[in-house]
1. Between segment 129-188 and segment 190-240, how far is it from one alpha carbon centroid to the other, in angstrom?
2. By counting other Cβ atoms within 10 Å of each Cβ, how are LEU16, LEU117 ranked from fewest to most?
3. Quick check on the chain: helices-only [θ] at 222 nm, where DSSP H runs of length 4 and up contribute -39,500 (n - 2.57) each and the sum goes over total residues. Nearest 500, please.
4. Once you put a point 7 Å from the Cα of GLN146 and another 7 Å from the Cα of ALA273, both along the Cβ direction, what distance in nm separates them?
5. Arrange the following residues from fewest to most other Cβ atoms within 10 Å of their Cβ: LEU86, LEU219, LEU14.
6. Which trypsin sites (Lys or Arg not before Pro) in segment 155-212 sit in a loop by DSSP (not H, G, I, E or B) and have at most 14 other Cβ atoms within 10 Å of their own Cβ?
7. Reported to two decimal places, what Rg/Rh ratio describes segment 177-275 when computed on Cα atoms with Rh from the Kirkwood expression?
8. So if I take the alpha carbon set of the chain, get Rg, then get Rh from the Kirkwood formula, what is the Rg over Rh ratio?
Amino acid sequence: MKKIIENDFSRIDLNLLTVLMVLYREGSVTRTAEVLHLGQPAISGALKRLREMFDDPLFVRSARGMLPTPRAQALMTDLQPLMENLHSAMFGAGEFVPARAQQLFRIGLSDWSEHWLMPPLLPGLMQEAPGVSLQSIAADPFQVRQLLEEERIDVAVSVNKQSRGEIVSEPVMSMGVTTLWSPQQIPCRGPLSVSDFVAWEHVMVAYRETGHGEIDRQLASQGLARRVRFATQNFSTFPLLLTTLPLFATVPQGLAQRWQAQYALRADAPPVAYPEFTLCILRHKRRAQDPALNWLVTKLKQAMRGQ
């Protein structure tokens, strides 16, 4: 890469380059003055300085107007894209065109949100943006901020997160939980009673707890407890476990709706109070004006709210 010599730029007035570009396009001092809202003497003076700067006439008069010299044509070949890039850098982040984009986005997701969100999101993306790819990065609620701060992900979908520091969290929707079981394994038709709920064993997700969560606290307030047979950080094994063993699983509603239909499971609200949680989209402040990421965030919101 050629070394930039800063002192060389002290001799350049960007306004002169603007005059050069417009004069090249219009082929007339009069029309150039009109476009730039300047007087004709100002344009003539700018052309004189340009000729001195590049040591070339640049334009010659003819019956068809001001015709560019070979030197002017060569300059425009180089200057046009440079000026466009400079304008984009100074006055806007540029336009994101999904149909032409070639880009990979890294999304921080828990395993359940990936299972819930990708089926409605991907078909539209494949049609609208065939060159855009997504990569799911495992991110439980305790990891997501660090992943964004370290730029290991571009955006994340997580629960009950507030904006803090450089990480912006945007609430998108609320969701509750649903208890699932196989009617072939547990002979409950519903609605679920507390006695049914504690009579059978459970599987549950616990990210950093010790196998106890909000449901267990609610049961304890009634002097009750459930038996958790299997606690894990992932939901992915639950459908197979439920269809083959007499177990309850209490999972996010969006996931429950899909599994209920896919695996012929029964579903009901848990018989203890469980607050709804808020699903949020998180990203770093420095990406707030990124048109590509803004487009993806819009698509994520549509997929989340459309279910």
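1. About 21 Å separates the Cα centre of segment 129-188 from the one of segment 190-240.
2. Values: LEU16 16, LEU117 21.
Lowest to highest Cβ neighbour count: LEU16, LEU117.
3. Details: 12 runs with 133 residues, N = 307.
Counting only the DSSP helices, I get -13000 deg cm²/dmol.
4. A separation of 3.4 nm, rounded to one decimal place.
5. On the way: LEU86 13, LEU219 19, LEU14 10.
Listed from fewest to most nearby Cβ atoms, that is LEU14, LEU86, LEU219.
6. On the way: sites: LYS161, ARG164, ARG189, ARG208; in loops: LYS161, ARG189, ARG208.
Taking segment 155-212 and a limit of 14 other Cβ atoms within 10 Å, the loop trypsin sites (Lys or Arg not before Pro) found are ARG189, ARG208.
7. Working: Rg = 12.3 Å, Rh = 13.4 Å.
Result for segment 177-275 is an Rg/Rh of 0.92.
8. 1.27
Since every read-out is calculated from the coordinates, none of them should be taken as a lab result. Owing to the predicted nature of the structure, the values given are computational and were not obtained by experimental measurement. Using ideal geometry, Cβ is built from the backbone for each residue, glycine included, and neighbour counts are taken over all protein chains shown.
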